[in-house]
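K.L.:
First the structure, then my questions, so here it is.
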Amino acid sequence: MSAPTRYAERKAEPNIRFLQGNEVCAEAAIYAGMRFFAGYPITPSTEIAERLSERLPQVGGTFIQMEDEIASLAAVIGASLTGLKSMTATSGPGFSLMQETLGYAIMTEVPCVIVDVQRGGPSTGLPTHSSQGDVMQVRWGTHGDHSIVCLTASNHQDLFEMVIDAFNIAETFRTPVVVLIDEVVAHMREQVRMPEEGEIALTERLVTAVPRDVDYHPYFPREDGRLPMSNFGGDHRYNVTGLVHDMWGFPSNKPNVADELIHHLIHKIENRKRMLVRHKEYNVDGAEIVLISYGATARSARHIMENRRAVGMAVGMIELQTLWPFPNELIRERCKDADYIVVVEMNMGQMVHQVEAAVDRPHRVFLSNRVDGAMITPNNIKNLIRVIQGKGV
Amino acid sequence: MIQRFVFSGTGGQGVITAAIVLAEAALYYGELNAVQTQVYGPEARGGAARSDVIIADAEIWFPKVLEPNVAICLGQQAYDRFSGVVRPGGIIIVDSHNVRLQKTISSRQFQLPFHETVMTEYGTIQALNMCMLGALVRLIPIVSPDAMRQVISDRFDERFRQTNLSAFELGCNLVKESVRTF
């Protein structure tokens with residue numbers, strides 16, 4: 001599914017809409033079957049809550065504005081346990097507050113989706129300006145050893161699919177999934193083609209076949225490793241705790257129980273990287289310079305890639321759509337022949353370290369960045385390329 | 001073909017709404033691609049507001065406008081900021097009530113009485129942005145006035161529809177001849 005690019009033919013296409021990225025998030029979540037949203041509106045994610053407060057009641061869902069972000073994610077986890085696909089949306093300051101409950105969702109293996117629309121930081125920072133400073137916070141913000149899934153997008157058509165993917169992954173792996181976008185994508189308006197019902201596959205929750213009043217083990221995996229759920233407050237009584245727990249869900253401090261649980265939480269994601277990694281690449285084969293970018297900055301990178309190719313330079317590009325788990329193998333393989341690798345991001349260097357760790361000959365890796373709240377421009381990237389090539393700016 | 005517009009003024013003047021209306025008309029009825037972005041401060045009103053629109057017949061990657069083909073400046077501050085970065089051969093449209101012009105050599109400037117026109121007609125400047133849009137599409141025929149009328153009718157509810165549509169016509173009438181920039 002992609003937006004039509006032959007504009008003269010588009011009149012025949014009835015489902016084209018001109019929306020903000022935040023509105024796309026809201027519509028895609030409803031398409032994915034999300035029926036519970038709890039949140040605390042914060043710039044630049046406010047339009048997600050605003051639109052859902054109107055849309056959810058129309059489709060029989062529930063919208064709650066909570067007292068803060070801690071309570072928001074707690075409510076989302078509770079609602080998800082009772083059987084609803086649930087979501088919250090926030091920005092950096094709110095995402096900081098959610099770290100504790102995010103860890104709880106990881107430990108209790110409750111599917112949910114958190115949209116983090118990045119703004120300038122730290123603290124309240126630059127509310128109305130863009131940044132990509134939360135990349136590492138998504139990965140390591142909550143304490144303890146864990147893994148997480150994080151998706152992003154640079155345009156609205158991809159964003160629509162990524163949000164649906166986030167719900168599908170959350171339900172499949174019983175894990176929180178973070179959709180990490182930035183102020184530019186969130187507030188930008190562009191065309192998006194709304195898919196028809198049934199056009200994109202949706203993953204529904206795996207519900208236990210254990211009958212009512214028969215013992216149900218909330219953390220007892222099936223043969224394929226998946227953990228069927230039972231709607232909390234429904235057919236079965238079971239325990240949910242953030243403590244290390246056994247297959248009954250009760251606290252345990254036995255070393256083998258803790259060992260198995262931590263391995264399970266990490267392996268269920270890291271061992272299925274191939275199912276989770278989404279990316280796009282352009283002209284990477286034969287490229288002397290490979291640009292690696294994600295989110296809004298991928299638009300600047302794409303712009304300068306096309307511009308440089310037009311003057312005969314061998315520039316290619318990889319756009320990451322799955323940020324976590326990080327696609328080490330893919331980056332290593334696709335960058336093995338490049339002379340230079342330029343990571344484009346709006347922070348002081350977060351993904352660049354992942355790329356350095358992934359590739360051989362890491363001295364080939366350079367960072368093109370900007371942290372003043374303005375979007376990185378194609379010229380910013382071009383100037384760095386010229387410096388790398390010893391041409392001067 | 002690619003045309004880059006900057007709509008600038010102060011918060012509350014409706015520059016962001018105007019930008020969205022133009023972009024929607026190009027996308028829905030002009031068989032073109034459009035991307036709109038905005039820059040604004042934490043204030044609800046009074047801060048500098050700016051919205052960028054790119055209209056093209058191809059994919060648009062970088063969504064911001066650094067050097068506009070067309071700058072619409074509804075205040076002096078906005079004019080001082082953008083008049084110098086308009087592309088050679090570009091167009092600057094200003095509100096005669098709020099902006100004092102400087103001489104330029106590389107762009108054409110149009111000083112039009114939006115403020116005066118809507119104040120005389122309605123006694124409020126609420127529909128000033130629609131009046132400006134009327135003049136804009138007459139001056140630069142990138143989108144047909146009918147497409148604009150359609151978007152304005154669809155976008156606003158009954159309370160504002162008639163005023164906005166008539167303000168749009170007033171704007172159209174401010175311009176006699178169009179200029180081509182693409």
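The values are calculated or read from the model by the stated rules, or taken from the named source; none is laboratory data. What you see is a predicted model; the values in this text were computed from it and never measured. Here the Cβ is made from the backbone with ideal geometry for all residues, glycine too, and neighbour counts use every protein chain on show.
K.L.:
Answer with yes or no whether residue B:20 is assigned to a strand (DSSP E or B), within 14 Å of chain A (Cβ to nearest Cβ) and within 17 Å of the chain's Cα centre (by Cα).
P.N.:
Here the answer is no, as residue B:20 does not meet what is asked.
Listed here are the residues, each with its yes/no results for (1) closer than 23 Å to residue B:64 by Cβ; (2) crowded, with 19+ Cβ neighbours inside 10 Å; (3) not aliphatic (A, V, I, L, M).
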site	(1), (2), (3)
A:353	no, no, yes
A:358	no, yes, no
A:361	no, no, yes
A:365	no, yes, no
A:368	yes, yes, yes
A:374	yes, no, no
A:377	yes, no, yes
A:383	yes, no, yes
A:393	yes, no, no
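K.L.:
Still on this model: For region A:227-234, check the following and say yes or no: at least one residue is within 30 Å of residue A:293 (Cβ to Cβ), at pLDDT 95 or above and not aliphatic (A, V, I, L, M).
P.N.:
no
K.L.:
Also, I was wondering about something else. Looking at region B:21-31 only, could you name the residues that are closer than 25 Å to residue B:88 by Cα and either in contact with a Leu (Cβ under 8 Å, 6 or more places away or on another chain) or surrounded by fewer than 24 Cβ atoms within 10 Å (Cβ to Cβ) (or both)?
P.N.:
The answer is B:22, B:26.
K.L.:
Further question: Is it fair to say residue A:275 is within 14 Å of chain B (Cβ to nearest Cβ), under 25 Å from the mean Cα position of the chain (by Cα) and assigned to a helix (DSSP H, G or I)?
P.N.:
No: the conditions fail for residue A:275.
K.L.:
Being closer than 16 Å to residue B:4 by Cα and among the small types (Gly, Ala, Ser): is that true of residue B:107 here?
P.N.:
Answer is yes for this residue.
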